[in-house]
Amino acid sequence: MVNSHPIVSVVIPTLNRPRLVVRAVRSALAQTLDAIEVIIVVDGPDEATVQALRQIDDDRVRTKPLPLHVGLGEARNAGVGEARSRWVAFLDDDDEWFPRKLEVQLQTAQQSVYRHPIVSCRLIVRSEIGDVVWPRRGPRPDESMSEYLFCRTKVFSGEGMIGANTIFATKELLLTAPFRGELQRHEDLDWLLRASTLDGVGVQFVPMREPLVIWHREETHNSISRRTDWRYSLAWINNIKHLITPRAYASFLLTWLSANAVREGDWKAFLPLLRDAFQYGRPSSLDVGLYFGIWLIPQRIRSRIRISFQRCDR
């Protein structure tokens with residue numbers, strides 16, 4: 001019999017990755033919080049995944065196959081619509097949770113002063129080079145969400161971050177401010193920037209510093225977060241510029257987009273990104289220094305230096 005009173009609904013969108021999604025589902029079922037339901041949204045025709053999920057013998061699991069591919073944002077919305085709990089947490093099909101993740105987030109949410117808290121936590125970013133723990137800090141009081149997510153006060157990335165796999169929120173909030181289904185990327189950032197402006201909403205981190213999520217970024221994974229398109233990202237941030245401070249806008253162009261342009265080998269982006277950052281934003285001296293470093297120092301060398309320094313900073 002299916003658990004009739006789950007406390008948390010876990011939403012996992014997936015498509016064509018049966019082995020990985022089974023691993024993700026098992027990490028959700030291994031939570032110390034037992035009163036949960038796990039809703040796997042199969043985003044389009046994918047019989048191999050449906051069959052693999054049928055092998056999981058747990059009445060807390062529900063599979064929702066969609067007749068057509070709708071994309072990550074709409075797949076998450078479909079899972080939220082199926083949720084029977086007040087609280088909803090998201091897990092991508094190629095990532096994992098540590099066992100206490102939901103228990104700790106639920107405790108934090110229930111003690112929150114906000115009517116609709118968005119509770120996050122630290123995570124392990126796992127790649128071929130090694131593991132690092134992000135973010136290094138949570139949002140400061142009265143800090144805008146755009147500046148927390150995009151601006152740096154130190155050289156290396158990972159200072160501010162809220163990954164989709166760490167988001168824990170109320171179903172009511174997710175219905176009021178759903179993910180934008182038309183987006184091809186940045187769905188989680190877009191949602192955070194919009195949802196954090198609503199009345200009764202506050203973003204907070206769990207009190208423990210130990211990471212509760214493993215975010216897999218190995219090159220073998222064909223994930224959206226590994227694919228880049230700096231022109232699409234520029235159009236996206238220009239479309240929501242009313243939610244972005246000038247400082248955050250400049251930092252996004254000079255760090256995020258420049259790194260993507262370099263990764264794509266688009267050297268013609270150098271001058272337009274620099275020009276737009278100064279024309280429409282307010283770059284810091286650190287942003288400008290990072291910009292030239294991104295273009296001049298090979299990515300793999302930058303990654304190894306970052307890993308070494310952030311291991312020492314944990």
Worksheet item: Within segment 180-197, is there a residue that is without any contact (Cβ under 8 Å) to a residue 60 or more places away in the chain, in contact with a Leu (Cβ under 8 Å, 6 or more places away or on another chain), among the hydrophobic types (A, V, I, L, M, F, W, C) and part of a loop (DSSP other than H, G, I, E, B)?
Response: no
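Restricting to segment 54-97, name every residue that is basic (K, R), closer than 23 Å to H116 by Cα and part of a helix (DSSP H, G or I). Break it down stepwise before answering.
First pass over segment 54-97, keeping only residues basic (K, R): 54, 60, 62, 64, 76, 84, 86.
Narrowing further to those that are closer than 23 Å to H116 by Cα: 76, 84, 86.
Across segment 54-97, the qualifying residue is only R76.
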Worksheet item: When segment 101-136 is examined, which residues are found to be of a type in the set (K, R) and surrounded by fewer than 17 Cβ atoms within 10 Å (Cβ to Cβ)?
Response: R115, R126
Item to complete: From E103, E96, E37, grab the single residue that is over 27 Å from R180 (Cα atoms) and in contact (Cβ under 8 Å) with a residue 12 or more places away in the chain.
Response: E103
Worksheet item: Quick check: is even one residue across segment 149-170 at pLDDT below 95 and among the basic types (K, R)?
Response: yes
Worksheet item: Could you give every pair whose Cβ atoms fall below 7 Å, whose first residue belongs to segment 268-283 and is over 19 Å from R152 (Cα atoms), and whose second residue is surrounded by 16 or more Cβ atoms within 10 Å (Cβ to Cβ), counting only separations of at least 6 or pairs across chains?
Response: A269/W230; A269/A261; F270/W295
Discussion item. Can you pull out every residue in segment 30-67 that is loosely packed, with under 15 Cβ neighbours inside 10 Å, in contact with an Asp or Glu (Cβ under 7 Å, 6 or more places away or on another chain) and under 19 Å from D94 (Cα atoms)?
Written reply: none
Worksheet entry | Hits in segment 163-211 - residues which are closer than 24 Å to V104 by Cα and among the aromatic types (F, W, Y) | F168, W191, F205
Practice prompt. Please identify the pairs in which a residue from segment 113-141 that is free of Cβ contacts under 8 Å to residues at least 40 places away in the same chain and within 16 Å of G158 (Cβ to Cβ) has its Cβ atom under 7 Å from the Cβ atom of a residue that is loosely packed, with under 15 Cβ neighbours inside 10 Å and of a type outside the set (K, R), counting only partners at least 6 apart or on another chain.
Written response: none
Response to the item:
Scanning segment 133-175 for residues that are within 17 Å of the chain's Cα centre (by Cα), in a loop (DSSP other than H, G, I, E, B) and under 15 Å from V201 (Cβ atoms) gives P139, I162, I167
Discussion item. Please go through (1) closer than 30 Å to R126 by Cβ; (2) modelled with pLDDT of 95 or more; (3) under 26 Å from the mean Cα position of the chain (by Cα); (4) open to solvent by 30 Å² or more (accessible area, probe 1.4 Å) for R302 and return the number of the only condition it doesn't satisfy.
Written reply: (2)
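Take S258 and decide whether it is closer than 30 Å to W97 by Cβ, modelled with pLDDT of 95 or more, small (G, A, S) and in contact with a helix residue (DSSP H, G or I) (Cβ under 8 Å, 6 or more places away or on another chain).
Working: closer than 30 Å to W97 by Cβ: no; modelled with pLDDT of 95 or more: yes; small (G, A, S): yes; in contact with a helix residue (DSSP H, G or I) (Cβ under 8 Å, 6 or more places away or on another chain): yes.
So S258 does not fit the description; no.
The values are calculated or read from the model by the stated rules, or taken from the named source; none is laboratory data. Note that the structure is a prediction, hence the values are computed from the model and not measured. FYI the Cβ positions are ideal-geometry reconstructions off the backbone, even for glycines, and counts take in every protein chain you see. Just the protein is used for accessible areas: all its heavy atoms, side chains included, with ligands, DNA and RNA removed. Shrake-Rupley method; radii C 1.70, N 1.55, O 1.52, S 1.80 Å.
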